[in-house]
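Everything on this sheet refers to the single structure shown next.
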Amino acid sequence: MDLILPLWFEVGSLIVLTLILAADLLLILKRPHIPSTKESTLWVVFYVTLALIFAGLMWIIAGGEFAGQFVAGWLTEYSLSIDNLFVFVLIMSQFAVPRRYQQEVLMVGIIIALILRGLFILAGAAIIEQFSWVFYIFGAFLVFTAWRQAFPGGDHDEEVKRENFIVRLLRRTIDISDTYDGAKIRTVVGGKKMWTPMIIVFVAIGITDLLFAIDSIPAIFGITQSPFIVFTANIFALMGLRQLYFLLGDLLDRLRYLHYGIAFILAFIGLKLVFHAMHVNELPFINGGEPIEWAPEISTWMSLGVIILSMAVATIASLVASARDKKAGVAAPDGPADAAQDPSAEA
(Lines give C-alpha, C1' and ligand atoms only; values in the text may rest on other atoms or scores of the structure.)
Protein backbone atom coordinates (compact mmCIF):
# COMPACT_ATOMS: atom_id res chain seq x y z
CA MET A 1 0.00 0.00 0.00
CA ASP A 2 1.53 3.30 -1.12
CA LEU A 3 1.23 6.48 0.87
CA ILE A 4 -1.00 9.04 -0.84
CA LEU A 5 -1.11 12.46 0.77
CA PRO A 6 -2.70 15.71 -0.42
CA LEU A 7 -0.15 17.91 -2.18
CA TRP A 8 -1.01 20.81 0.13
CA PHE A 9 -0.05 18.71 3.17
CA GLU A 10 3.33 17.64 1.77
CA VAL A 11 4.28 21.10 0.49
CA GLY A 12 2.89 22.86 3.56
CA SER A 13 4.77 20.52 5.93
CA LEU A 14 8.11 21.10 4.19
CA ILE A 15 7.57 24.89 4.11
CA VAL A 16 6.72 25.04 7.83
CA LEU A 17 9.70 22.86 8.79
CA THR A 18 12.04 24.94 6.62
CA LEU A 19 10.80 28.16 8.23
CA ILE A 20 11.31 26.74 11.73
CA LEU A 21 14.87 25.66 10.90
CA ALA A 22 15.59 29.06 9.33
CA ALA A 23 14.26 30.85 12.43
CA ASP A 24 16.41 28.63 14.64
CA LEU A 25 19.48 29.48 12.55
CA LEU A 26 18.77 33.22 12.65
CA LEU A 27 18.38 33.05 16.41
CA ILE A 28 21.86 31.57 16.72
CA LEU A 29 23.46 34.09 14.36
CA LYS A 30 21.89 37.08 16.11
CA ARG A 31 22.47 35.90 19.66
CA PRO A 32 25.34 33.42 20.05
CA HIS A 33 25.26 32.11 23.61
CA ILE A 34 25.37 29.03 25.79
CA PRO A 35 21.71 27.99 26.25
CA SER A 36 20.55 27.34 29.80
CA THR A 37 19.10 24.01 30.88
CA LYS A 38 15.62 25.56 30.98
CA GLU A 39 15.97 27.00 27.46
CA SER A 40 17.29 23.72 26.06
CA THR A 41 14.53 21.73 27.76
CA LEU A 42 11.78 23.98 26.37
CA TRP A 43 13.18 23.71 22.84
CA VAL A 44 13.51 19.90 23.01
CA VAL A 45 9.95 19.59 24.37
CA PHE A 46 8.73 21.91 21.59
CA TYR A 47 10.34 19.81 18.84
CA VAL A 48 9.17 16.50 20.32
CA THR A 49 5.63 17.88 20.66
CA LEU A 50 5.79 19.12 17.07
CA ALA A 51 6.75 15.61 15.89
CA LEU A 52 3.86 14.06 17.82
CA ILE A 53 1.43 16.64 16.38
CA PHE A 54 2.70 15.78 12.90
CA ALA A 55 2.17 12.07 13.65
CA GLY A 56 -1.41 12.90 14.72
CA LEU A 57 -2.02 14.74 11.46
CA MET A 58 -0.60 11.76 9.55
CA TRP A 59 -3.03 9.50 11.42
CA ILE A 60 -6.01 11.71 10.51
CA ILE A 61 -5.03 12.17 6.86
CA ALA A 62 -3.32 8.89 5.94
CA GLY A 63 -4.30 6.40 8.65
CA GLY A 64 -2.71 4.66 11.63
CA GLU A 65 -0.31 2.50 9.62
CA PHE A 66 1.55 5.43 8.08
CA ALA A 67 1.45 7.41 11.32
CA GLY A 68 3.06 4.41 13.01
CA GLN A 69 5.71 4.26 10.29
CA PHE A 70 6.53 7.92 10.88
CA VAL A 71 6.82 7.51 14.67
CA ALA A 72 8.96 4.36 14.33
CA GLY A 73 11.17 6.05 11.74
CA TRP A 74 11.45 9.23 13.81
CA LEU A 75 12.42 7.33 16.97
CA THR A 76 14.99 5.26 15.06
CA GLU A 77 16.58 8.34 13.55
CA TYR A 78 16.36 10.18 16.89
CA SER A 79 18.22 7.39 18.68
CA LEU A 80 20.89 7.39 15.96
CA SER A 81 21.10 11.19 16.21
CA ILE A 82 21.74 10.93 19.95
CA ASP A 83 24.54 8.52 19.12
CA ASN A 84 25.77 11.16 16.68
CA LEU A 85 26.04 13.60 19.60
CA PHE A 86 28.76 11.47 21.20
CA VAL A 87 30.95 12.03 18.16
CA PHE A 88 30.10 15.75 18.05
CA VAL A 89 31.24 16.03 21.68
CA LEU A 90 34.55 14.37 20.81
CA ILE A 91 35.07 16.63 17.80
CA MET A 92 34.31 19.77 19.83
CA SER A 93 36.77 18.65 22.48
CA GLN A 94 39.42 17.50 20.04
CA PHE A 95 39.53 20.93 18.40
CA ALA A 96 38.83 22.92 21.60
CA VAL A 97 35.84 24.76 20.11
CA PRO A 98 34.82 27.61 22.47
CA ARG A 99 31.53 26.57 24.10
CA ARG A 100 29.90 29.87 23.15
CA TYR A 101 30.28 29.05 19.45
CA GLN A 102 29.36 25.38 19.60
CA GLN A 103 25.75 26.22 18.68
CA GLU A 104 26.88 27.52 15.26
CA VAL A 105 28.95 24.40 14.68
CA LEU A 106 26.03 22.14 15.59
CA MET A 107 23.63 24.06 13.34
CA VAL A 108 26.03 23.82 10.40
CA GLY A 109 26.33 20.10 11.13
CA ILE A 110 22.55 19.72 11.12
CA ILE A 111 22.21 21.56 7.79
CA ILE A 112 24.94 19.40 6.23
CA ALA A 113 23.22 16.30 7.59
CA LEU A 114 19.86 17.33 6.09
CA ILE A 115 21.41 17.91 2.67
CA LEU A 116 23.32 14.62 2.69
CA ARG A 117 20.36 12.62 3.96
CA GLY A 118 18.10 14.24 1.37
CA LEU A 119 20.44 13.07 -1.39
CA PHE A 120 20.71 9.58 0.11
CA ILE A 121 16.92 9.35 0.43
CA LEU A 122 16.39 10.24 -3.24
CA ALA A 123 19.03 7.72 -4.31
CA GLY A 124 17.68 5.02 -1.98
CA ALA A 125 14.08 5.49 -3.13
CA ALA A 126 15.12 5.26 -6.79
CA ILE A 127 17.16 2.09 -6.18
CA ILE A 128 14.40 0.41 -4.17
CA GLU A 129 11.86 1.25 -6.92
CA GLN A 130 13.97 -0.57 -9.51
CA PHE A 131 15.67 -3.35 -7.54
CA SER A 132 13.79 -5.09 -4.72
CA TRP A 133 16.83 -7.32 -4.04
CA VAL A 134 18.63 -4.29 -2.60
CA PHE A 135 16.81 -5.07 0.66
CA TYR A 136 19.15 -8.06 1.06
CA ILE A 137 22.12 -5.68 0.88
CA PHE A 138 20.55 -3.10 3.20
CA GLY A 139 19.68 -5.81 5.71
CA ALA A 140 23.15 -7.36 5.71
CA PHE A 141 24.72 -3.91 6.03
CA LEU A 142 22.58 -3.04 9.05
CA VAL A 143 23.41 -6.33 10.78
CA PHE A 144 27.11 -5.61 10.17
CA THR A 145 26.66 -2.05 11.48
CA ALA A 146 24.91 -3.43 14.58
CA TRP A 147 27.85 -5.75 15.24
CA ARG A 148 30.27 -2.84 14.84
CA GLN A 149 28.20 -0.78 17.29
CA ALA A 150 27.98 -3.46 19.94
CA PHE A 151 31.51 -4.84 19.90
CA PRO A 152 35.10 -3.51 19.76
CA GLY A 153 35.75 -1.51 16.62
CA GLY A 154 32.50 0.46 16.98
CA ASP A 155 33.57 2.89 19.70
CA HIS A 156 33.20 6.62 19.16
CA ASP A 157 36.91 7.39 19.28
CA GLU A 158 37.30 5.37 16.09
CA GLU A 159 34.64 7.51 14.40
CA VAL A 160 36.68 10.63 15.14
CA LYS A 161 39.93 9.05 13.93
CA ARG A 162 38.38 8.48 10.50
CA GLU A 163 38.54 12.21 9.86
CA ASN A 164 42.27 12.44 10.55
CA PHE A 165 43.49 11.79 7.00
CA ILE A 166 41.28 14.48 5.43
CA VAL A 167 42.04 16.92 8.27
CA ARG A 168 45.80 16.44 7.79
CA LEU A 169 45.37 16.86 4.03
CA LEU A 170 43.43 20.07 4.64
CA ARG A 171 46.18 21.46 6.86
CA ARG A 172 48.78 20.80 4.17
CA THR A 173 46.63 22.35 1.44
CA ILE A 174 45.45 25.63 2.98
CA ASP A 175 46.78 28.14 5.52
CA ILE A 176 45.06 27.74 8.87
CA SER A 177 45.57 30.06 11.83
CA ASP A 178 46.48 28.78 15.29
CA THR A 179 43.51 30.35 17.07
CA TYR A 180 39.79 30.88 16.58
CA ASP A 181 38.30 34.23 15.60
CA GLY A 182 34.81 33.86 17.05
CA ALA A 183 32.71 31.67 14.78
CA LYS A 184 34.43 32.96 11.62
CA ILE A 185 36.01 30.55 9.16
CA ARG A 186 38.24 33.31 7.65
CA THR A 187 40.47 35.74 9.52
CA VAL A 188 43.45 38.02 8.99
CA VAL A 189 46.76 37.26 10.71
CA GLY A 190 49.67 39.65 10.17
CA GLY A 191 47.93 41.18 7.16
CA LYS A 192 47.44 37.76 5.56
CA LYS A 193 44.04 36.15 5.03
CA MET A 194 43.85 32.69 6.56
CA TRP A 195 41.30 30.05 7.45
CA THR A 196 40.51 29.55 11.14
CA PRO A 197 40.42 26.11 12.84
CA MET A 198 36.64 26.34 12.48
CA ILE A 199 36.96 25.15 8.87
CA ILE A 200 38.54 21.92 10.14
CA VAL A 201 35.71 21.46 12.62
CA PHE A 202 33.12 21.92 9.85
CA VAL A 203 34.91 19.37 7.65
CA ALA A 204 35.10 16.87 10.52
CA ILE A 205 31.39 17.36 11.28
CA GLY A 206 30.53 16.96 7.59
CA ILE A 207 32.44 13.68 7.31
CA THR A 208 30.75 12.41 10.46
CA ASP A 209 27.34 13.33 9.03
CA LEU A 210 28.17 11.41 5.86
CA LEU A 211 29.10 8.30 7.83
CA PHE A 212 25.93 8.49 9.91
CA ALA A 213 23.77 9.05 6.81
CA ILE A 214 25.16 5.84 5.31
CA ASP A 215 24.07 3.98 8.46
CA SER A 216 20.74 5.68 9.12
CA ILE A 217 19.07 5.77 5.70
CA PRO A 218 18.98 1.97 5.18
CA ALA A 219 17.63 1.69 8.73
CA ILE A 220 14.60 3.88 8.15
CA PHE A 221 13.92 2.32 4.73
CA GLY A 222 13.50 -0.88 6.73
CA ILE A 223 10.52 0.75 8.43
CA THR A 224 8.91 2.62 5.53
CA GLN A 225 9.48 2.94 1.80
CA SER A 226 7.77 6.34 1.61
CA PRO A 227 10.39 9.00 0.73
CA PHE A 228 8.16 11.65 2.34
CA ILE A 229 8.03 9.82 5.67
CA VAL A 230 11.75 9.04 5.50
CA PHE A 231 12.66 12.68 4.91
CA THR A 232 10.27 14.21 7.45
CA ALA A 233 11.33 11.66 10.10
CA ASN A 234 14.95 12.71 9.51
CA ILE A 235 14.07 16.40 9.74
CA PHE A 236 12.22 15.92 13.04
CA ALA A 237 15.06 13.78 14.40
CA LEU A 238 17.63 16.48 13.61
CA MET A 239 15.48 19.39 14.81
CA GLY A 240 16.27 20.08 18.42
CA LEU A 241 19.52 18.13 18.23
CA ARG A 242 21.45 21.32 18.99
CA GLN A 243 19.45 21.96 22.17
CA LEU A 244 19.63 18.28 23.12
CA TYR A 245 23.42 18.53 22.97
CA PHE A 246 23.44 21.20 25.68
CA LEU A 247 20.60 19.59 27.65
CA LEU A 248 22.23 16.20 27.98
CA GLY A 249 25.71 17.60 28.64
CA ASP A 250 27.59 15.24 30.94
CA LEU A 251 24.67 12.79 30.85
CA LEU A 252 26.01 11.49 27.53
CA ASP A 253 28.96 9.95 29.38
CA ARG A 254 26.55 8.11 31.68
CA LEU A 255 24.62 6.45 28.81
CA ARG A 256 27.17 3.67 28.64
CA TYR A 257 24.78 1.03 27.29
CA LEU A 258 23.08 3.24 24.69
CA HIS A 259 25.16 1.74 21.89
CA TYR A 260 23.82 -1.73 22.75
CA GLY A 261 20.25 -0.47 22.42
CA ILE A 262 21.06 1.13 19.06
CA ALA A 263 22.86 -2.03 17.93
CA PHE A 264 19.82 -4.15 18.80
CA ILE A 265 17.53 -1.79 16.85
CA LEU A 266 19.80 -1.89 13.79
CA ALA A 267 20.08 -5.68 13.93
CA PHE A 268 16.30 -6.03 14.27
CA ILE A 269 15.63 -3.74 11.30
CA GLY A 270 18.35 -5.53 9.32
CA LEU A 271 16.63 -8.88 9.87
CA LYS A 272 13.28 -7.27 9.03
CA LEU A 273 14.73 -6.09 5.71
CA VAL A 274 16.11 -9.55 4.90
CA PHE A 275 12.71 -11.13 5.66
CA HIS A 276 11.02 -8.53 3.46
CA ALA A 277 13.51 -9.25 0.64
CA MET A 278 12.72 -12.96 0.98
CA HIS A 279 8.99 -12.24 0.93
CA VAL A 280 9.26 -10.32 -2.38
CA ASN A 281 12.23 -12.31 -3.71
CA GLU A 282 13.02 -12.00 -7.43
CA LEU A 283 16.60 -13.34 -7.46
CA PRO A 284 16.70 -16.43 -9.71
CA PHE A 285 19.29 -18.28 -7.60
CA ILE A 286 17.11 -18.01 -4.45
CA ASN A 287 14.00 -20.23 -4.41
CA GLY A 288 13.97 -20.26 -8.21
CA GLY A 289 13.20 -16.54 -8.33
CA GLU A 290 9.91 -17.01 -6.48
CA PRO A 291 8.85 -15.23 -3.26
CA ILE A 292 9.56 -17.19 -0.08
CA GLU A 293 6.09 -17.43 1.43
CA TRP A 294 7.13 -18.55 4.90
CA ALA A 295 9.26 -15.42 5.42
CA PRO A 296 7.45 -13.29 8.04
CA GLU A 297 6.49 -9.68 7.46
CA ILE A 298 7.16 -7.77 10.68
CA SER A 299 4.48 -5.17 11.32
CA THR A 300 5.10 -1.47 11.87
CA TRP A 301 3.66 -1.64 15.38
CA MET A 302 5.94 -4.50 16.38
CA SER A 303 8.89 -2.48 15.05
CA LEU A 304 7.75 0.54 17.05
CA GLY A 305 7.48 -1.57 20.22
CA VAL A 306 10.97 -3.04 19.76
CA ILE A 307 12.49 0.40 19.16
CA ILE A 308 10.88 1.96 22.26
CA LEU A 309 11.69 -1.04 24.48
CA SER A 310 15.32 -1.22 23.29
CA MET A 311 16.01 2.45 23.99
CA ALA A 312 14.17 2.35 27.34
CA VAL A 313 16.10 -0.70 28.55
CA ALA A 314 19.47 0.72 27.39
CA THR A 315 18.81 4.11 29.01
CA ILE A 316 17.49 2.73 32.32
CA ALA A 317 20.32 0.19 32.56
CA SER A 318 22.87 2.94 31.90
CA LEU A 319 21.45 5.26 34.55
CA VAL A 320 21.15 2.45 37.13
CA ALA A 321 24.76 1.37 36.51
CA SER A 322 25.95 4.98 36.72
CA ALA A 323 24.07 5.55 40.00
CA ARG A 324 25.51 2.30 41.41
CA ASP A 325 29.06 3.34 40.49
CA LYS A 326 28.53 6.77 42.01
CA LYS A 327 27.22 5.23 45.22
CA ALA A 328 30.18 2.86 45.34
CA GLY A 329 32.57 5.77 44.73
CA VAL A 330 33.82 4.43 41.40
CA ALA A 331 35.40 7.15 39.26
CA ALA A 332 33.59 7.79 35.98
CA PRO A 333 35.54 7.17 32.77
CA ASP A 334 37.26 10.18 31.28
CA GLY A 335 34.75 12.19 29.29
CA PRO A 336 35.32 13.84 25.94
CA ALA A 337 36.15 17.12 27.63
CA ASP A 338 39.31 15.57 29.03
CA ALA A 339 40.56 14.95 25.52
CA ALA A 340 40.52 18.65 24.54
CA GLN A 341 43.45 19.71 22.47
CA ASP A 342 44.82 22.97 21.22
CA PRO A 343 43.13 23.78 17.89
CA SER A 344 46.50 24.21 16.27
CA ALA A 345 47.60 20.69 17.20
CA GLU A 346 47.88 18.04 14.53
CA ALA A 347 44.70 15.96 14.40
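Quick notes on this structure:
- Figure note: Glu297, Glu65, Glu77, Glu129 ranked by solvent-accessible area, largest first, 1.4 Å probe, ligands and nucleic acids not counted: Glu129, Glu297, Glu65, Glu77.
- Protein accessible area in segment 16-144, 1.4 Å probe - carbon and sulfur %: 77 percent
- Whole-Å semi-axes of segment 239-314's equivalent ellipsoid (Cα gyration tensor): 37, 12, 11
- Of the residues Gly288, Gly305, Gly68, the one that moves most in a GNM of the chain with alpha-carbon contacts below 10 Å is Gly288.
- For the chain, the 222 nm mean residue ellipticity estimated from helices alone, with every DSSP H stretch of n ≥ 4 adding -39500 (n - 2.57) and the total spread over all residues, rounds to -23500 deg cm²/dmol.
- Cα-based Lys proximity count in the chain, under 29 Å, for pairs eight or more positions apart or on separate chains: 11
- Checking [x] 32, 60, 8; [y] 28, 56, 16, 0; [z] 21, 36, 22, 16, 4, 0 against P(r) over Cα pairs in 20 Å bins from 0, in percent calculated from these atoms, the matching label is [y].
- With all protein chains in place and a 1.4 Å probe, the accessible surface of segment 218-273 carries 63 percent carbon and sulfur.
- Derived scalar couplings ³J(HN,Hα) [segment 254-264; Karplus, 6.51 cos²θ - 1.76 cosθ + 1.60; whole Hz; x for Gly, Pro]: 8, 7, 5, 9, 4, 5, 5, x, 5, 4, 5
- Placing Arg117, Arg256, Arg148 in order of accessible area, with the largest value first and a 1.4 Å probe, yields Arg256, Arg148, Arg117.
- For Glu290, the accessible area of its heavy atoms, probed at 1.4 Å with every protein chain present, is near 110 square angstrom.
- Highest mobility in the GNM of the chain, judged by mean-square fluctuation with C-alpha springs under 10 Å and restricted to Pro197, Pro284, Pro35, is found for Pro284.
- Vicinal HN-Hα couplings computed from phi for segment 274-291 (Karplus, 6.51 cos²θ - 1.76 cosθ + 1.60; Hz; Gly/Pro x): 5, 4, 5, 4, 5, 5, 10, 3, 10, 6, x, 8, 10, 6, x, x, 9, x
- For Val189, nonlocal amide neighbours, meaning residues 5 or more places apart or on other chains whose placed amide H falls under 5 Å from its own, are Met194.
- Per residue, the convex hull spanned by the alpha carbons of segment 6-136 comes to 142 Å³.
- Sparse-neighbourhood loop sites, chymotrypsin sites (Phe, Trp or Tyr not before Pro) in segment 256-302 - DSSP loop, at most 12 other Cβ within 10 angstrom: Phe285, Trp294
- 1.4 Å probe accessible area per residue over the chain, in Å²: 48 Å²
- Accessible surface ranking for Lys272, Lys192, 1.4 angstrom probe, highest first: Lys192, Lys272.
- Highest-MSF residue in the chain out of Gly73, Gly240, Gly190 [GNM, Cα springs under 10 Å]: Gly190
- Under Karplus coefficients 6.51, -1.76 and 1.60, residue-wise ³J(HN,Hα) of segment 133-148 in Hz, glycine/proline x: 5, 5, 5, 4, 5, 4, x, 4, 5, 5, 5, 4, 4, 4, 4, 5
- Relative to the longest principal axis of the Cα atoms of the chain, the long axis of helix 64-94 makes an angle of roughly 30 degrees.
The values are calculated or read from the model by the stated rules, or taken from the named source; none is laboratory data. Because the structure is predicted, anything quoted here is derived from the model rather than measured. Cβ sites come from the backbone with ideal geometry, for glycine too, and all protein chains shown count toward neighbours. Calculation scope for accessible area: heavy atoms of the full protein, side chains included, ligands and nucleic acids excluded. Shrake-Rupley method; radii C 1.70, N 1.55, O 1.52, S 1.80 Å.
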